[in-house]
Structure formats: C-alpha cells, structure tokens
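Undergrad: Structure provided below as structure tokens; questions to follow.
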Amino acid sequence: MGVTDPAGPVMDRDEVDRALARLGAEHEAIETSLLALQDHAGRRLLEGAELTGVTKERWTTAEASITLLWAYFDAYTDALRSAREIRSRRRWSSRDDLVELTELLRGKSVTLAGSATATANAPTLHGGSGKLTEQFTLVTLVDRMNELYATSLDMVVAADAVWSALPARIDLLAAELQRTRRLAHSVGVRPGEHPAGDDLERITRTLTKLRSEVVSDPLAYWIPTQGSSAPGGGKPDTTVYDREARALEDVRREIDAVLTVRQDAEQRLVRLRDVLSRADRTLAEARTARGEVLAKIAATEVPVVSGPPTVLQEQLATAAEYRRHAQWHRLSPLLESLEQKAEDELLRARESLTAVTAPLAVRAELRGRLDAYKAKVARHGLAEDPFLIERYDAARRMLWSAPCDLRVAGQAVLRYQQAAAELLGSGRVPGPRAPEDRRGPGS
C-alpha cells in the first residue's frame with residue numbers, strides 16, 4: 001500500500017506493538033458484543049414478530065445498523081489482519097514497514113463501499129453524506145461501531161424488557177379476570193344487570209387490546225430514563241395495566257360483598273324483621289299511651305302517632321323474594337338500604353313514644369316532688385300543720401284525679417312548696433308540751 005501523505009510521525013516498533021495489542025483487545029471485545037447481540041433473545045423475537053408503529057420503524061433502522069455493524073467489523077478485521085501480517089514479516093521491522101504500518105494504523109486506511117441495502121435505513125456518522133464510499137481510520141471505525149451498537153442494543157433491550165414484563169403480567173391478570181367473571185356469573189352479576197358486570201366487560205376489552213399492542217409495538221409502552229446513556233435505560237409503561245388491575249380489584253370487592261350477602265342473607269332478613277317488629281310494637285305502645293294521656297291529662301297537646309310505614313314492609317318482602325330466587329346482586333344493595341331505614345324507623349317510634357308520654361312523665365315528676373316535700377316537712381315536725389295539710393291535700397287531689405290539669409296541679413304543688421319553705425324558714429317547729437310543775441310554793 002503506497003503512502004502519499006503519512007498520518008503524522010512514523011511510529012516506532014514499540015508504538016506499533018502497543019497499537020496492535022490495543023486494537024486486538026478492541027477487536028475481541030467488539031466481536032464478543034456482536035455475537036451477544038446476535039444471540040440476544042430480544043433480537044430474535046424482533047426478527048420473528050409482526051411489528052407495528054414506532055417499534056416497526058426503529059427495528060427497520062436497527063436491522064440496517066446491525067448489518068452495517070458486521071460490514072464494519074469485517075473491514076476492521078481485514079485491516080487488523082493486514083497490519084499483523086506486515087508486522088510479522090521481520091522481527092525488527094524496516095522503516096518502509098513502519099511507514100506502511102503507520103498509515104494503516106493511524107491513517108484513513110479503511111474504505112467501505114456504500115451499499116443501498118445495508119445503509120438505506122442505518123444512521124450515518126455525520127447525518128448522511130450521500131457518498132458512495134466512506135474512509136475511516138481504525139479509531140474512527142471503532143467509534144462508529146460503538147455508536148451503532150449502542151443504538152441497536154438500546155432498541156433491542158427496551159423491546160425485550162417490555163415483552164418480559166407486560167405480556168406475562170397481562171396474562172396473569174386475564175386469568176384472574178376469567179375466574180372473577182365465572183364467580184360473578186354464579187351470583188348473578190352480569191353485564192347490563194349490574195355495574196360490576198359492565199366493568200368486567202370493559203376490563204376484558206382493555207386487556208385484550210393492551211396485550212395486542214404490547215406484542216406488536218412494545219416500544220410504545222417504554223419510558224426511557226432521561227439523561228441515561230446506558231443501553232436500555234428506562235422502564236416499561238404499566239399505567240394502563242395498573243389502572244385495570246385496580247379496577248378488577250374493585251370488582252372483586254363488590255363480588256365479595258355479594259357473596260357475603262348470599263352467606264348471611266337469612267340472618268340479616270331475620271334481624272330486619274325483628275327491628276321492624278320492635279318499631280311496630282313501640283308505635284302501638286305509643287298509640288295506647290296517647291289514649292291514656294288524653295284520658296288522664298287535661299288541657300294538653302298530645303302529638304298524633306302515625307302507623308308503621310308500609311313501604312318498608314313491601315321492600316322487606318321484595319328482599320325475601322330476591323333471596324328465594326338467588327338474585328344476590330339485587331339483594332345486596334337493598335339489604336344495606338333496608339337496614340339503615342329500619343334503624344331510623346325504630347328510632348322514630350321511640351321518639352314518638354317519648355313525645356306522647358311526656359305529660360305522664362311531667363305528672364309523675366310533680367307527684368314525686370310533692371311527696372319529697374311532704375317527707376321533708378315530716379322530718380322537721382310540721383307534718384300535722386293544718387295549713388300545710390290543706391295545701392298538700394289540694395295538690396294531691398289534682399295530681400291523682402283524672403283528667404289532671406298539669407298547669408293547675410303544678411301551681412298547687414308550687415304553693416305547697418312555698419308554704420313549707422316559709423314555715424321551715426321561720427323556725428316555728430312544734431314540739432312536745434312542757435311538763436306541768438307539781439311542787440309547792442316553797443319549792
């Protein structure tokens with residue numbers, strides 16, 4: 001090979017030997033990397049897959065890059081072989097040998113013809129020059145191979161990472177989805193009849209579409225790491241998968257609630273009947289108490305007691321019908337609503353009874369207060385006081401007669417309290433008569 005423009009100073013024998021050793025190590029490393037890329041599971045999958053979208057575009061470029069890589073590697077191998085042959089001619093290389101080796105090792109000694117098939121889709125070093133041939137130094141050729149290898153490996157690793165992560169997880173979720181669908185069907189949760197059934201249909205469609213897209217266009221579900229220079233830097237995009245997994249979990253909880261209803265429906269219905277029965281009995285007691293109040297208490301407003309609501313009884317009958325026909329998905333929300341309404345109805349009945357019997361409670365409180373003051377007066381020795389006896393008898397007749405006027409009776413009790421308080425405050429407490437003095441005048 002003639003040297004018309006030597007690439008810098010002529011290398012000596014030691015420099016040549018060091019350069020050959022370095023280039024030999026690089027050759028071995030590049031060969032190992034290329035063979036690993038050739039055997040990479042992701043590359044084999046890409047070759048056999050029916051790709052679409054961004055993955056198809058990038059794989060077209062990567063395929064051309066890998067073809068170009070091997071062409072560059074072959075040229076690099078030939079150049080390195082030639083340099084080794086020249087160096088092996090003599091133990092002590094002549095100056096002509098050193099000049100030739102310098103040109104081969106440092107100059108643009110590698111010329112590659114541009115192949116339309118190999119380079120049509122592959123990126124060029126400087127954005128494309130349109131030349132039919134390219135000349136490289138061995139160092140530049142190594143840099144070029146490293147660049148093509150990094151971009152190709154990045155694409156292959158990213159696609160393989162998505163294929164390794166998502167389809168298997170989608171299949172597992174789809175299997176869980178099928179189990180949930182069968183369970184839902186067994187308890188009557190079906191599309192068009194229950195919201196959870198509609199959700200299962202939507203999740204099924206979404207997972208089917210997601211798996212098809214992941215298999216044909218994995219790079220559409222790849223999130224590269226910003227600023228990362230390592231091949232395959234990033235992670236699979238699991239946003240859609242995670243959303244559907246959460247939705248399926250919500251449906252499973254709904255199905256569990258329906259199953260719980262199926263297991264304890266009878267007990268819950270019995271409890272509902274008991275609560276409504278207690279509410280009815282309380283209302284009946286309130287109606288009886290109202291009649292008693294109207295008969296025993298005069299001049300007072302007594303609230304009207306309403307009858308038991310027929311709507312709740314009708315809904316309870318509907319719930320029992322749902323249970324007989326195993327319509328658990330309809331029974332579940334109805335029982336929850338009925339349980340709250342039944343508790344509210346029992347509370348309303350108790351409040352009604354309290355409101356109706358309030359006048360009787362007032363009368364009882366007045367009776368208790370009157371007797372308490374009578375006991376207090378007796379403790380202070382005023383039980384036989386005619387004035388207090390008169391007022392006590394007047395208040396007692398009012399409180400123990402029917403109908404009782406609570407307003408007048410309350411005033412009578414108050415007058416008795418005031419009279420007792422006045423006597424107790426004056427200190428006039430009658431005691432036993434003084435003993436008669438039976439001694440004579442001189443005593």
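The values are calculated or read from the model by the stated rules, or taken from the named source; none is laboratory data. For clarity, every value in this text was computed on a predicted model and none was experimentally measured. Every residue, glycine as well, gets a Cβ built from its backbone with ideal geometry; the counts of neighbours run over all protein chains shown. The area values use the complete protein model at the heavy-atom level, side chains included, leaving out ligands, DNA and RNA. Shrake-Rupley method; radii C 1.70, N 1.55, O 1.52, S 1.80 Å.
Undergrad: With E85, E63 as the choices, which residue is assigned to a helix (DSSP H, G or I) and within 49 Å of the chain's Cα centre (by Cα)?
TA: E63
Undergrad: Given A265, A230, which one is touching a Lys or Arg at 6+ places or on another chain (Cβ under 6 Å) and modelled with pLDDT under 85?
TA: A265
Undergrad: Can I ask one more? For L370, state whether it is of a type in the set (A, V, I, L, M, F, W, C) and either open to solvent by 60 Å² or more (accessible area, probe 1.4 Å) or under 30 Å from V189 (Cα atoms) (or both).
TA: Spelling it out, it is not the case that L370 is of a type in the set (A, V, I, L, M, F, W, C) and either open to solvent by 60 Å² or more (accessible area, probe 1.4 Å) or under 30 Å from V189 (Cα atoms) (or both).
Undergrad: Condition check: farther than 30 Å from A361 by Cβ and part of a helix (DSSP H, G or I). Does E292 satisfy that?
TA: no
Undergrad: Looking at region 186-194, is at least one residue modelled with pLDDT of 90 or more and surrounded by 13 or more Cβ atoms within 10 Å (Cβ to Cβ)?
TA: no
Undergrad: Quick test of your reading of the structure: E31 fulfils all but one of (1) in contact with a Phe, Trp or Tyr (Cβ under 9 Å, 6 or more places away or on another chain); (2) open to solvent by less than 60 Å² (accessible area, probe 1.4 Å). Name the failing condition by number.
TA: Condition not satisfied by E31: (2).
Undergrad: Kindly provide the set of residues from region 88-100 that are at pLDDT below 75 and surrounded by 12 or more Cβ atoms within 10 Å (Cβ to Cβ), ordered by number.
TA: S93, D97, E100
Undergrad: In region 336-365, which residue that is within 25 Å of G197 (Cα to Cα) and without any contact (Cβ under 8 Å) to a residue 40 or more places away in the chain is least open to solvent (accessible area, probe 1.4 Å)?
TA: So, considering only residues that are within 25 Å of G197 (Cα to Cα) and without any contact (Cβ under 8 Å) to a residue 40 or more places away in the chain, the one least open to solvent (accessible area, probe 1.4 Å) is S337.
Undergrad: Please enumerate the residues belonging to region 156-171 that are of a type in the set (A, V, I, L, M, F, W, C) and within 17 Å of R202 (Cα to Cα).
TA: Residue satisfying the conditions is I170 alone.
Undergrad: Under the condition of being charged (D, E, K, R) and farther than 28 Å from E292 by Cα, which residue from region 375-403 is nearest to the chain's Cα centre (by Cα)?
TA: K376
Undergrad: Let me ask something additional. What number of residues within region 49-60 are assigned to a helix (DSSP H, G or I) and open to solvent by 70 Å² or more (accessible area, probe 1.4 Å)?
TA: Total satisfying the criteria: 3.
Rundown of residues vs (1) touching a strand residue (DSSP E or B) at 6+ places or on another chain (Cβ under 6 Å); (2) open to solvent by 30 Å² or more (accessible area, probe 1.4 Å); (3) free of Cβ contacts under 8 Å to residues at least 12 places away in the same chain; (4) within 30 Å of N146 (Cβ to Cβ), yes/no style:
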residue: V240; (1), (2), (3), (4): no, yes, no, no
residue: E249; (1), (2), (3), (4): no, yes, yes, no
residue: R252; (1), (2), (3), (4): no, yes, no, no
residue: I255; (1), (2), (3), (4): no, no, no, no
residue: V258; (1), (2), (3), (4): no, no, no, no
residue: V261; (1), (2), (3), (4): no, no, no, no
residue: A265; (1), (2), (3), (4): no, no, no, no
residue: R273; (1), (2), (3), (4): no, yes, no, no
residue: D280; (1), (2), (3), (4): no, yes, no, no
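Undergrad: If you scan region 381-405, which residues turn out to be free of Cβ contacts under 8 Å to residues at least 60 places away in the same chain and either in a strand (DSSP E or B) or open to solvent by 80 Å² or more (accessible area, probe 1.4 Å) (or both)?
TA: E384, P386, F387, E390, R396, R397, W400
Undergrad: Can you tell me how many residues in region 295-335 are open to solvent by less than 50 Å² (accessible area, probe 1.4 Å) and either under 30 Å from E266 (Cβ atoms) or part of a helix (DSSP H, G or I) (or both)?
TA: Selection size over region 295-335: 14.
Undergrad: Suppose we filter region 32-62 for residues that are acidic (D, E) and modelled with pLDDT of 90 or more; how many remain?
TA: Matching residues across region 32-62 total 2.
Undergrad: Would region 428-442 turn up any residue that is open to solvent by 50 Å² or more (accessible area, probe 1.4 Å), modelled with pLDDT under 85 and in a helix (DSSP H, G or I)?
TA: no
Undergrad: Look at region 210-227 and say how many of its residues are among the acidic types (D, E) and either touching a Lys or Arg at 6+ places or on another chain (Cβ under 6 Å) or in a helix (DSSP H, G or I) (or both).
TA: 1
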